[in-house]
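Participant: Quick one: structure below, then a few questions.
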Amino acid sequence: MEKKGDSISIYHDINDFSKKSKFSRFIYKLLFRESALKAENIIPSKPKPKTVPKYQEGRIIRNITIETLDPFGYSVTNEKKIPKRKLDKIGNSIHIKTKEITIRNLMLFKKNDKLDSKLVAESERLIRSQRYVREVTIVPVTIPNNKDSIDIKIRVLDSWTLIPTGSLSSTESSVKLTERNILGFGHLISGNIKNRFDTKERAVNAQYSINNIKNTYIRFDLNYSNDFNNDSKRSINLNRPFYSVVAKNAGGVYFENQLKTEKFPFNGDVVPEVFSFDFQEYWYGRAFKINSKENPERYYSNLIVALAYNEKDFDRKPSAALDPSDYFSNEKNWIGMIGFSRQKFFQDKFVFNYNIVEDIPYGENIALIIGHQEKNSNTRMYTGLSVSYGKKCKFGYASTFAEWGSFYDAGLTEQTTFKFGFNYFSPLLTWGKWHFRQFVKPTYVWGNNRDDSFKDRLTLRDEDGLPGFNDLLNGIQKWTVSFQTQSYIPGSWYGFRFSPYFNATFGSLANEKALFSSKVYSKFSIGALINNDFLVFNSFQISFSYYPSIPFNGDDVMKVNSFENTNLTLYDFQLSKPAYIRYE
């Protein structure tokens, strides 16, 4: 029995042979219907242009049509492609497609506007950035005998958004279920249950989010957690960031209530103590174009001015014996920022996802931060500076940042922070049909004249560190570096595509002595990033990590799913809410 792949290869050979002469091409067109062959990808369809021809700029947008597609078996570029497998049809039947109004609320243009190709491209990027969208195309459609108007056609391919995840170690287990597109409206709901084996405790976390309220790009987040030790956290957040270079206004309000059990070092032992506080924050920012209208960089460059106010009020504080420096105390902060931001994106594939267009940020920014703090019946000023730069080069993608900040009290610097980081990934390397990338991410953090509290110290459990370590191992300076070799295997298994990786992360902490003479800790992880044609942006993974040594935990520790690909996230070149330089 002839396999389908064999018959398709025959048509490929015939198509290739037809290109040898005009006569053979003429005979070929008489016998074969190219539209059908293109639908089977025997004749590749030419990609549609990403930019709008100049002669179409300024035309009036007459109509906008939006078509959302189920995640199985469809294509945004090939309209003739339809699901054929029974499994695809079953999956589509239980999937709720993204609503047209959800996509329309993300667009930066509307009917009767003048066509602006930059706004079209930026709208496409914003739609693609949604976690429930896999691919999108926005194509201008000319109207016959009409040189003044134009139609816009938008096709969106959904991702499968009901995502189960979990992790397992010798002490804990975790199961999480997330739906990122409730009823097609782009809302998120998530629940997480964790179990601790030795104490038989259970922790519950829940989140509900609306990522865009009525085309305002205001995001609403509601979080609740009831953690181990009866700890709890409740928060509500309304936030509008500078979501795009075209955004002029940003701001937000945030409220949080937290009850937490902290382990305090005391007389060579560890003492648990409960504290609770309320936190509230308000901020507003404004972006101004600084280039002339004729300057092509005007669209991407902004002067950002922003101001934030926050306060923390403790209802329950640790005892003075455990917190002699009164680190856990009420405080009020005014924080202002003025800065320059230039943000762009380039498109690439095989970075964090398998063969899917991704928008990689690059650009530059510089920001001056000025603050005023009231704490412990004292007031002090704060100044900080943040600089970042990123670029796509022939040898890959590279970005770097440097940050410095310090409080001032009676002319003396307090709680100074200096941070430096670098992020690099290589061009796509090919070996046969396999693809590879190499990622490198080093960071360095240094502090001076920090508070005496152990909470004002660096640990290796931070985001840019070695997850799995605890706060008992700390210092005032830290370096970490992560190396990851990521591969992308050709082909698929029932639609699943596997991208095995190897990660090695190293880190060290020090206090007064030289950092590079301190003990180096390490973690080695192997695993696979698993994508599917309908599970693209919510790809999941399986990983196994080995720790040669974890202080206060043991040696030769093995953990399952303790490493995530998000540990290698890229720097975003867009200024936002003013904040002190984070010491972590």
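All of the numbers you see were taken from the coordinates with simple rules; none came from a lab. This structure is a prediction, so every number in the text was calculated from the model and none was measured. Counting neighbours? That spans all protein chains shown, and the Cβs are built from the backbone with ideal geometry, glycine included.
Participant: What is the order of Ile366, Ile356, fewest Cβ neighbours within 10 Å to most?
Facilitator: Going from sparsest to densest Cβ surroundings: Ile366, Ile356.
Participant: Suppose the chain between Ile60 and Ser173 were pulled fully straight at 0.36 nm per residue; how much longer would it get relative to their current alpha carbon spacing?
Facilitator: 35.0 nm
Participant: Kindly put Val351, Val175 in sequence by how many other C-beta atoms sit within 10 Å of each C-beta, fewest to most.
Facilitator: Going from sparsest to densest Cβ surroundings: Val175, Val351.
Participant: Among the listed pairs Lys233/Lys519; Lys391/Lys577; Lys332/Lys419, give every one whose C-alpha distance is greater than 28 Å.
Facilitator: Lys233/Lys519
Participant: Another question, if that's okay. Straight-line reach from Lys194: which aspartates and glutamates fall under 14 Å, measuring Cα to Cα and dropping same-chain residues less than 8 apart?
Facilitator: Here the aspartates and glutamates satisfying the reach criterion relative to Lys194 are Glu172, Asp227, Asp231.
Participant: Restricting everything to alpha-carbon atoms, can you work out Rg to Rh for region 241-568 with a Kirkwood hydrodynamic radius?
Facilitator: Taking Rh as the inverse mean 1/r over Cα pairs, Rg/Rh reads 0.99.
Participant: Mind sorting Trp434, Trp404 by how few other Cβ atoms lie within 10 Å of their own Cβ, fewest first?
Facilitator: Trp434, Trp404
Participant: Let me ask something else about it. Among [x] 24.6, 80; [y] 27.0, 94; [z] 25.1, 90, find the value of Rg and Dmax of the Cα atoms in Å that was calculated from the structure presented, and write down its label.
Facilitator: Comparing each candidate, only [y] matches the computed number.
Participant: Provide the percentage of antiparallel DSSP beta bridges, counting only those with both residues in the chain; round to the nearest 5.
Facilitator: 95
Participant: If you don't mind, another one. Between helix 22-31 and the chain, what is the angle of the helix's C-alpha long axis to the longest principal axis, kept within 0 to 90° and rounded to the nearest 10?
Facilitator: 90
Participant: Which of the three applies to region 260-369, rounded, prolate or oblate, going by the alpha-carbon gyration tensor with a ≥ b ≥ c and a/c under 1.5 meaning rounded?
Facilitator: Here region 260-369 falls in the oblate category.
Participant: Further question: In Å and whole numbers, how far do the C-alpha atoms of region 54-158 stretch along each principal axis, longest first?
Facilitator: Computed over region 54-158, the largest-to-smallest principal extents equal 46, 28, 19 Å.
Participant: Right, another one. With θ taken as phi - 60° and the coefficients 6.51, -1.76 and 1.60, list the Karplus ³J(HN,Hα) couplings across region 124-132 in order, rounded to whole Hz; mark glycine and proline as x.
Facilitator: 4, 5, 5, 5, 5, 6, 6, 6, 9
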